[in-house]
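These notes are about the structure you will find just below.
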4 protein chains.
Amino acid sequence: MIRFECDYNTGAHPKILEALVNTNGEAHPGYGTDPHCERARAMLRELCQAPEAGVHFLVGGTQTNATVIAAALRPHQGVLAPDTGHINVHECGAIEATGHKVLALPPTDGKITARQIDDFCQNHYDDPSWDCMVQPGMVYISHPTELGTVYTLAELEEIHAAARRWKLPLFVDGARLVAGLAASDITLADLARLADAFYLGGTKAGLLFGEAVVFTNPAIDFEFRCLMKQKGSMLAKGRLLGVQFEAFLEDNLFLEIGKKEVAQAMRIRQVLLDKGIPLLMDSPTNQQFPILPNQVIDKLGEKYSYEFWCKVDEGRSAIRFCTSWSTRDEDLDALLADLKAL
Amino acid sequence: MIRFECDYNTGAHPKILEALVNTNGEAHPGYGTDPHCERARAMLRELCQAPEAGVHFLVGGTQTNATVIAAALRPHQGVLAPDTGHINVHECGAIEATGHKVLALPPTDGKITARQIDDFCQNHYDDPSWDCMVQPGMVYISHPTELGTVYTLAELEEIHAAARRWKLPLFVDGARLVAGLAASDITLADLARLADAFYLGGTKAGLLFGEAVVFTNPAIDFEFRCLMKQKGSMLAKGRLLGVQFEAFLEDNLFLEIGKKEVAQAMRIRQVLLDKGIPLLMDSPTNQQFPILPNQVIDKLGEKYSYEFWCKVDEGRSAIRFCTSWSTRDEDLDALLADLKAL
Amino acid sequence: MIRFECDYNTGAHPKILEALVNTNGEAHPGYGTDPHCERARAMLRELCQAPEAGVHFLVGGTQTNATVIAAALRPHQGVLAPDTGHINVHECGAIEATGHKVLALPPTDGKITARQIDDFCQNHYDDPSWDCMVQPGMVYISHPTELGTVYTLAELEEIHAAARRWKLPLFVDGARLVAGLAASDITLADLARLADAFYLGGTKAGLLFGEAVVFTNPAIDFEFRCLMKQKGSMLAKGRLLGVQFEAFLEDNLFLEIGKKEVAQAMRIRQVLLDKGIPLLMDSPTNQQFPILPNQVIDKLGEKYSYEFWCKVDEGRSAIRFCTSWSTRDEDLDALLADLKAL
Amino acid sequence: MIRFECDYNTGAHPKILEALVNTNGEAHPGYGTDPHCERARAMLRELCQAPEAGVHFLVGGTQTNATVIAAALRPHQGVLAPDTGHINVHECGAIEATGHKVLALPPTDGKITARQIDDFCQNHYDDPSWDCMVQPGMVYISHPTELGTVYTLAELEEIHAAARRWKLPLFVDGARLVAGLAASDITLADLARLADAFYLGGTKAGLLFGEAVVFTNPAIDFEFRCLMKQKGSMLAKGRLLGVQFEAFLEDNLFLEIGKKEVAQAMRIRQVLLDKGIPLLMDSPTNQQFPILPNQVIDKLGEKYSYEFWCKVDEGRSAIRFCTSWSTRDEDLDALLADLKAL
């Protein structure tokens, strides 16, 4: 089975693994207070051009989303999000479990717009029953989105401005940020400037696990370590996160991984377009969503793993192919050849 | 100002008030353990033809919804509801505050169908990521709905069957049940037979306050008094609820109130139809939703209170008129005359 | 049965009931936006000498405690309280249900001291693991306490100062505040000056129900109405609370009720002391806790209701007698005669 | 600095690390559905002589405790635990954040007894206000305890029987279970027989991270994966847990690690006893708690790391030395020499 169903089905990138092996014998205090974490924090602050930013390392995306959002909201507030957002669909109600409603907006291509934020808030406060309703308390977007699409810098600036207008902190889920950085004009420094909180995802980018949260809004960062501990998102051997992120950030390995996986995905996209195979979403990143006849999908499934995405009509469905740091060119070539032969 | 904006803007029905005054000097133990509560429970069980049912008296609708739903769900489960449902819109996130997601379905006329329940659950369990998603754990509907519409007995039977198919308890919000009983073929006994939990609302039907929950599913009823206490929905002077419900149920006062307010509302509806004024929703109950030009709405507002419901287009909006046990015929006549004169 | 088991086993004080009856036919908007609530707010602000204070009317004590504390704390914070405090013992985990730990201190006579607050916080922040522990976020006390004891003004000033030192808002549960006002040198104005939040309880002081929360700390008051709605503590017919509190505050009826019930309780206390009957707690308020042989308790129980408090040793237990606005002198005389005859 | 402050300050045991390196290139589906997890589950079931047991792999202890307890309790229930228990002290309120109170019992040497459970429950249900109180819903103990002490099999049998009497599931926190297995007569099979849920901790026993939960009570196991996802305790690259536990269980490596660290700790204990140095707790496991003069502690701190435990009196404090799989004999010899030289 050649695996394309997700970007986290192998272990760690060799440089990450090497760093873990090389530091395995070192003894350090726990919970992220070790020198590796300190150095990784400093590296990330510098890349973000945000010397005052708070940086925390968590294990996984769902816990990161739930912990950051819980830190930002008061009990009667909810978080605005595209209805396809990870927090609204694929986290088993992690946000609601902390007491908060996800205020879902109908997205375009997985993305929401500044206009949608403005309209939602305007309508909300215009409603005479507004104080019987969940108050908007934060804006959550993903870059790239769960459908592989990305924001432009101009769009992100507008969303930032809309969020500011309504006094809503902006939180960017960066579980696949390496692909977003490769496929858009948005940089880490832009994110640090425009978002109150965002994270650089490691789990889906070649780490064993790990998400690096950057806070530029100190109010959300207040005693955030306590929330991490409470929500089970503080790793005892925190140095594992520091060690991995040091290697990930060193010589811009994270950017290199993003470029590589996106380049591979663009080869898939080109073949699909050349063959006239419709795409559920035209994604510029490492997730590709062809719509194919079900029997073709079954046939491909004998050799390649993919993620079933959704039924499109009686005879056809959309599936997802993911490339990753570990996708081998020979495996990709095989897939492309089989797609061309359809 | 002649008030039509809601059905809870006056005090108590004279018979309810009289019962409160007459029993004011009695001394009873608290928390619903007094003889008035006991008698009201027995009366309600008999009306429901459900001698084994659990009956609890709570103060208000939002707390009732949150307490019942929290009693029924495990932490990873959510509650299916129409997206216009009270729990999804007008309770400031009370359900989410207990940790649970409202799984909103697009309703038809405020109502959901058995087919929607089947489709939702089928799609849910067909999704390979189903275990990363909130699990459906209950079905919530309102009768009448927040838009004044009612279910037929046949529809309720089908919803009951669909809920059973997916092992979901069925909960019916009866905040305005007196109107639902007056305007549909569904009886209290039907509700007790088809719902695992429902309530007969008093606040919007002439009590000072009070909602009577009926449980036919003992699993939800398990130590429910503890949940009531925890959620702040157990009244210290619980006898006030018992006394009011005794009077409410005595000689079917509750049915009489429902019939009266619905009959008055039907007079409004007839005038609106006669005048060719469009209705946002054709409601057979005590809420009527005419769509009117904004300047007409403003003009009416000088004399009558109504609830602004929603903007329809640039020049028109929908408003809500409610009748209630306390709506006087002379006030209604005035409104009807002014509507006819439009 | 002559009832002494609690102070909420009858209906409303005649003046309260009269006000409800007289205003029953009035029509008002709901949710506490009516003129009666407005006037009662103004009266209370004036009594508190706190013209800027926020005032909200809730239905019961448990919901008031949970709603106020949820409004004040961030998710990783807990509330310091005496371990006999109502929130720690008799609310079915209402505080924990909102996600917060009660940090229980061993009280002296139901009271905690400024020194205990200082010691707890000093030890907390001295602990190298402090950030793996629940952070102190508020101080909760009751006046009078659940054991009938009261703070002196000097003690309250010290507690206020200690809370300020550690940046903890101070919240005073005033479920029986009328007795506290009668039995201590603390006034409403003192409470408004020294507490960030407190409430004047009505349920246990002659109202049908109702607690008036006073906020002098605007941060806790922020959109508090939304929290009330979410926690089910906003009454639809909010005017019932306004009407009752108007009558309660008018001509200082609340002070009169407190004095009357405390004076009656002091008669019980004197008889107990004269008879050499030990007291579990020497209470200056309307709760009295004699320690009596079990057979005496059973004998008394044939004629009087009381609350069983706790077992003291094999042969003896403590019980509680409560006086209230509705305790009749002839009933009290009967009890005193029977106690003297022991 | 020679580190003795905890048992998780180095990386992974060489055999664990080797397994991770060897399998790094393999591609597997995520979330614990891979063959390594399957095999590790089978190995653990066999060691537990519990072929039907549910086995789940989580990342850390706090999240494991919170997820398991949330799965077991209804909203109005709490968990009985020793007041020194990890869930009551060192998890930043993780249990309360899921809505549940920790019902703390005063322990003896970190342990609670069957008698304490019986007494608590008897008193609880004897209290006439029991339904205003948090209901006991589970028993939580740690083996070994946070103070290094262990239960005997006889004690565990009694606790099991008491829990059964009150219909409370029993949950055993095994964060340091390898030490408990080495220092008591309790086996994995005993735990599987007597506990409804327990876990074999990896983080503090030579894994990079990981806790293996064993459920013999299917009611708690119901859709537990959904709770794991919701609580952020499901690792995307779940295979990392499977791979580590395979190596951990292979040839009883876990038992070997426990024996080794306990044997080293016993050497520390013997020196302390020989020197007449008092122990805060006489621990038979890998944590040792000498009471030393503060200046001695400071002096030791120049060369060795330890955990400050608590102040004992003005001049003396208790500190903790931990041994672990990675404690080198030469480092231990150095410490012992310095202790002997005091």
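What follows is calculated from the coordinates using simple rules that are stated; it is not laboratory data. Bear in mind that the values here come from a model prediction, so they are computed numbers and not experimental data. Don't worry about glycine lacking a Cβ; one is built from the backbone with ideal geometry, like all the others, and counts go over all protein chains shown.
Descriptive notes on the structure:
- Distances in nm from B:LEU153 to the matching label points in the other copies, shortest first (labels 7 Å along Cα to Cβ): 6.5, 6.9, 7.0
- From the C-alpha gyration tensor of the protein assembly as shown, square roots of 5λ in Å: 52, 43, 27
- Using just its DSSP H runs of length 4 or more, each adding -39500 (n - 2.57), the protein assembly as shown gives a mean residue ellipticity at 222 nm of -12500 deg cm²/dmol after division by all residues.
- Cα-Cα separations in region A:1-112 greater than 20 Å, expressed as whole percent: 62
- Residues whose amide H lies under 5 Å from that of C:LYS101, counting only those 5 or more places away or on a different chain, are C:VAL79; hydrogens are built 1.01 Å from N in the peptide plane.
- Beta bridges by DSSP in region C:141-225, antiparallel share as percent, to the nearest 5: 55
- Neighbour-count ranking [beta-carbon atoms within 10 angstrom, fewest first] of C:ARG41, B:ARG115, A:ARG267: B:ARG115, A:ARG267, C:ARG41
- Separation between Cα centres of region D:96-134 and region C:136-163, rounded to whole Å: 27
- Efficiency of FRET from Cβ geometry, B:THR33 and D:GLN122, R₀ 25 Å, rounded to 0.05: 0.65
- Exposure proxy ranking, count of Cβ atoms within 10 Å, fewest first, for C:ARG165, C:ARG269, D:ARG176, A:ARG328: A:ARG328, C:ARG165, C:ARG269, D:ARG176
- Rotational relation C to D, axis-closest Cβ in chain C, residue and distance rounded to whole Å: C:GLU96, 2
- Screening chain B for whole DSSP H helices with an alpha carbon extent of at least 20 angstrom along the helix axis and a mean Kyte-Doolittle hydropathy of at least 0.0 yields B:253-274.
- For chain C: relative contact order, % (alpha-carbon pairs under 8 angstrom, 6 or more apart): 26
- The mean of 1/r over all pairs of different alpha-carbon atoms in region A:14-253, once inverted, gives a Kirkwood hydrodynamic radius of 18.0 Å.
- For B:MET228, neighbours were defined as the other residues whose beta-carbon sits under 15 Å from its Cβ, and their charges (Lys and Arg +1, Asp and Glu -1) total +2.
- Pseudo-label separations to other copies for A:ASP251 - Cα-to-Cβ vector, 7 Å, nm: 3.6, 9.0, 9.3
- Shielding by partners - mean other protein chain Cβ count within 10 Å, residues of A:7-16: 5
- Inter-copy label distances at B:ASN22, shortest first and taken from points set 7 Å along Cα to Cβ: 2.5, 8.6, 8.9 nm.
- Packing-based exposure ordering (other Cβ within 10 Å, fewest first) of D:ILE16, D:ILE291, D:ILE319: D:ILE291, D:ILE319, D:ILE16
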